[in-house]
Amino acid sequence: MYAPVVIPVLNRKKHLERCLLSLAQNTVAKFTDLIISVDYPPSEKYVTGYKEVKKYLTENNFIEKSFKSVNIIFQKTNLGTVGNIGFLKEYARKFSETIIFTEDDNEFSPNFLQYINLGLVFFKDNEQIIGICGCKDTDWVVNEGDSITAVKLFSGYGVGLWLDKDERRNQKITKFLLNDKAINRKSIKKLKARNRVLFNLYINEILFGRNAPFWNNGKLCVIDTTRSIYMHMTKYMCIAPVVSQSRTWGNDGSGVNMRNEFIDPCKKCILDDSSNGFVYLYNGNYISDNSDICFETKNYRMGERYLKVLSNFRADIKADIGYFLLFIYRFNYKKVFSVVKRFKKD
């Protein structure tokens, strides 16, 4: 059984068109259910784009012909990004144990769906693997001949998930990152040594911040960065391809989290363009002895390029001060947070 593709949508018709066209060109699209949830515009500035999306989805019959089934839900109230994603997961749960999640600004290779579905089958019972990612964010260290590798940076540019496993894991991630199992000298030093960018984000944005995209209505959000921090501090990993099966066009500033950058996605991330149904080498050697090499200097540069908060001097200083305060207060982040909050008010 092929996993359904779920896409939260609002007002980006150009992005959505590219996304759906690339998915339709996949070799197994005709066996795949497509579920799209179009959120209601939260304000007047989104209305024009929303109407364009609605017209495109209702008048384009190529979508219906390209997939096994197409389910388009137009929300009557605004759910927000987090709410819309949650809606899609619960909708898919009624008839599937797995999903392929993507935002509307991603583009895919002709082998993307096959790659994700094979991974969801092969790693179904492996609790160490938390997802099958489609994007190759950086140059991983891999064994010769490997087509996949296990890494500790989660890329959401098209990802396969086991719904029950993902729900359990998300609950563990939020609890782990906000209690003393994670907030101790050993684990935080380990995170800093592996990836300074994620260290800064953990201190500045998760422990001592309450802003989007990391927080929503007082709750920690499980997003790509949150998952990556968790994996760096634990034994867990995700699967990534050696040749990228997806890329994002969200660097144009139209999304919630990505800032506007002059990056050509076609040059930064070259997709696997073979259309011969390439079979990925899913074997028992997916985690090599070199796995730790992957998330040091190479991933540091990836973090600088893709994460919202860069590892700059100011962020470094803020994180180091935060770590010092944690040490003083015996890694009780709630006490330190109250101090930081009071300082910001003054």
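The values are calculated or read from the model by the stated rules, or taken from the named source; none is laboratory data. Just so you know, these numbers come straight off a predicted model, no measurement behind them. Quick reminder, even Gly has a Cβ in these numbers, built from the backbone with ideal geometry, and neighbours come from all protein chains shown. These accessible areas exclude ligands, DNA and RNA; they are computed on the full protein's heavy atoms, side chains included. Shrake-Rupley method; radii C 1.70, N 1.55, O 1.52, S 1.80 Å.
Name the residues in the stretch 224-247 that are outside any helix (DSSP H, G or I) and more than 13 Å from I132 (Cα to Cα), would you? T234, K235, V243, R247 - these are the residues of the stretch 224-247 that are outside any helix (DSSP H, G or I) and more than 13 Å from I132 (Cα to Cα).
Within the stretch 224-239, the set of residues being open to solvent by less than 40 Å² (accessible area, probe 1.4 Å) and either touching a Gly at 6+ places or on another chain (Cβ under 6 Å) or among the charged types (D, E, K, R) (or both) comprises R227, C238, I239. Take the stretch 42-63 and flag every residue that is of a type outside the set (V, I, T) and over 29 Å from F31 (Cα atoms). Scanning the stretch 42-63 gives P42, S43, E44, K45, Y46, G49, K51. Which of the residues that make up the stretch 193-223 are under 19 Å from V340 (Cβ atoms), open to solvent by 10 Å² or more (accessible area, probe 1.4 Å) and either acidic (D, E) or part of a helix (DSSP H, G or I) (or both)? Answer for the stretch 193-223, where residues must be under 19 Å from V340 (Cβ atoms), open to solvent by 10 Å² or more (accessible area, probe 1.4 Å) and either acidic (D, E) or part of a helix (DSSP H, G or I) (or both): N204, E205. For the stretch 96-113, the tally of residues that are in a strand (DSSP E or B) and surrounded by fewer than 17 Cβ atoms within 10 Å (Cβ to Cβ) stands at 0. Among the residues making up the stretch 29-56, those that are assigned to a helix (DSSP H, G or I) and closer than 29 Å to L118 by Cβ are A29, K30, F31.
Which condition breaks for S37 when tested against (1) small (G, A, S); (2) open to solvent by 10 Å² or more (accessible area, probe 1.4 Å); (3) within 23 Å of the chain's Cα centre (by Cα)? Every condition holds for S37 apart from (2).
Across the stretch 329-340, the qualifying residues are those that are modelled with pLDDT of 75 or more and in a helix (DSSP H, G or I), and the one among them that is nearest to N184 (Cα to Cα) is Y333. Considering only the stretch 317-336, state which residues are in contact (Cβ under 8 Å) with a residue 60 or more places away in the chain and closer than 10 Å to I203 by Cα. Within the stretch 317-336, K318, A319, G322, Y323, L326, Y333 qualify.
Of the residues that make up the stretch 114-127, is at least one among the hydrophobic types (A, V, I, L, M, F, W, C), at pLDDT below 90, open to solvent by less than 60 Å² (accessible area, probe 1.4 Å) and closer than 22 Å to R247 by Cα? For the stretch 114-127, residues among the hydrophobic types (A, V, I, L, M, F, W, C), at pLDDT below 90, open to solvent by less than 60 Å² (accessible area, probe 1.4 Å) and closer than 22 Å to R247 by Cα: absent. Note on the stretch 62-95: residues that are closer than 26 Å to V159 by Cα, outside any helix (DSSP H, G or I) and either open to solvent by 90 Å² or more (accessible area, probe 1.4 Å) or out of contact with any strand residue (DSSP E or B) (no Cβ under 9 Å at 6 or more places or on another chain) (or both) total 3. Candidates R194, R169: the one that is over 16 Å from the mean Cα position of the chain (by Cα) and among the basic types (K, R) is R194.
Only one of the numbered conditions (1) surrounded by fewer than 19 Cβ atoms within 10 Å (Cβ to Cβ); (2) modelled with pLDDT of 90 or more is violated by V243, and that is (2).
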